[in-house]
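As structure tokens, the structure follows; a few thoughts come after it.
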Amino acid sequence: MSATRIPEATVARLPVYLRALNAMSEAGTGTCSSLELAAAAGVNSAKLRKDLSHLGSYGTRGVGYDVDYLRYQISREIGLTQDWPVVVVGIGNLGHALANYSGFSSRGFRTVALLDADGSRQGEVVAGLEIRSFDDLEQVVVEHGVGIGVIATPAVAAQDVADRMVAVGIRSILNFAPTILTLPEGVDVRRVDLSSELQILAYHEQRKAAAPAIVVEQVARTVGGRA
């Protein structure tokens, strides 16, 4: 890890760089330039070089970056070179999908328990794990050293679940419930609001659909003004 604290904006982009590097490695690319990596990550090369400077100097002038070495350095910086046990709470449709998501295990996150308050779901096996009672949360945290919790419950239950997670020692939470959590200082929360993301896409789709009509109207005004 770097000795100095990395800016949050840079931290948010490191997984994007890592994803691009993983794709390059899978394609057999051994080295890449900052321009190539920036293009693959969807950022400008100056921003990429500044972001990577927070990690150290890993590029070689005239050669570029060693793809696998930079992959390792970024993985180490964001904690993916160690095993992270994760508990998922709320095994409805979304929780079920998250439990089956192979991307967790391939990136260093090991789902150790699936918990749900619905007694009728307990005992059901999902992705090789038996759904347990939410009352088992403290036992699971102690047994597996869980530091990351995933909330996939309805919004009305999310705050209580988060409070219980914090009470048993979880300090990092990924929240899929469509609500804002109020938690004490020192607890890191990342919110994934799928409906909000879809609404943003709908906004852009609406603007794209309206663009041709606006252009036609502008042309008509121009032509009419010349007549």
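Within region 65-81, does at least one residue satisfy the condition of being open to solvent by 80 Å² or more (accessible area, probe 1.4 Å) and under 25 Å from Leu181 (Cα atoms)?
Looking for residues that are open to solvent by 80 Å² or more (accessible area, probe 1.4 Å) and under 25 Å from Leu181 (Cα atoms), one finds none in region 65-81, hence no.
Suppose we filter Val166, Val146 for residues that are assigned to a helix (DSSP H, G or I), open to solvent by less than 30 Å² (accessible area, probe 1.4 Å), under 27 Å from Leu80 (Cβ atoms) and not small (Gly, Ala, Ser); which single one remains?
Exactly one residue qualifies, and that residue is Val166.
Return yes when Ile6 is surrounded by 12 or more Cβ atoms within 10 Å (Cβ to Cβ) and either over 17 Å from the mean Cα position of the chain (by Cα) or small (Gly, Ala, Ser) (or both) and no when it is not. Reasoning before the result, please.
Values: surrounded by 12 or more Cβ atoms within 10 Å (Cβ to Cβ): yes; either over 17 Å from the mean Cα position of the chain (by Cα) or small (Gly, Ala, Ser) (or both): yes.
So Ile6 passes the test.
Tell me the residue from Ala127, Ala152 that is among the aliphatic types (A, V, I, L, M), closer than 28 Å to Ser105 by Cβ, touching a residue at least 40 places away in the same chain (Cβ under 8 Å) and touching a helix residue (DSSP H, G or I) at 6+ places or on another chain (Cβ under 8 Å), please.
From the options Ala127, Ala152, the qualifying one is Ala152.
Return a yes/no flag: does region 17-32 have any residue that is small (Gly, Ala, Ser), part of a helix (DSSP H, G or I) and open to solvent by less than 30 Å² (accessible area, probe 1.4 Å).
yes
Tell me the residue from Leu37, Leu14, Leu48 that is among the aliphatic types (A, V, I, L, M), in contact (Cβ under 8 Å) with a residue 60 or more places away in the chain and at negative phi, please.
Leu14
Need at least 1 residues that are closer than 21 Å to Leu174 by Cα per element, so show me which strands (runs of 3 or more DSSP E) inside region 58-120 make the cut, counting only ones lying wholly within it.
84-89, 109-116
Scan region 121-132 and give yes if some residue there is among the polar types (S, T, N, Q) and either loosely packed, with under 14 Cβ neighbours inside 10 Å or at pLDDT 95 or above (or both), otherwise no. Working first, answer last.
Taking region 121-132 as the starting set, the residues that turn out to be among the polar types (S, T, N, Q) are 122.
In the following step, the residues that additionally are either loosely packed, with under 14 Cβ neighbours inside 10 Å or at pLDDT 95 or above (or both) were identified as none.
No - not one qualifying residue is present in region 121-132.
Collect the residues in region 50-64 that are touching a strand residue (DSSP E or B) at 6+ places or on another chain (Cβ under 7 Å) and surrounded by fewer than 12 Cβ atoms within 10 Å (Cβ to Cβ), keeping them in residue-number order.
The answer is Val63, and nothing else.
Quick one: is Gly108 in contact (Cβ under 8 Å) with a residue 40 or more places away in the chain and either within 28 Å of Gln159 (Cα to Cα) or open to solvent by 20 Å² or more (accessible area, probe 1.4 Å) (or both)?
On the way: in contact (Cβ under 8 Å) with a residue 40 or more places away in the chain: no; either within 28 Å of Gln159 (Cα to Cα) or open to solvent by 20 Å² or more (accessible area, probe 1.4 Å) (or both): yes.
Taking the combined requirement at face value, the residue does not satisfy it.
The values are calculated or read from the model by the stated rules, or taken from the named source; none is laboratory data. None of these values were measured; they are calculated from a predicted model. In this analysis, Cβ positions are derived from the backbone assuming ideal geometry, glycine residues included, and neighbour counts consider all displayed protein chains. For accessibility, only protein heavy atoms count, side chains too; no ligands or nucleic acids. Shrake-Rupley method; radii C 1.70, N 1.55, O 1.52, S 1.80 Å.
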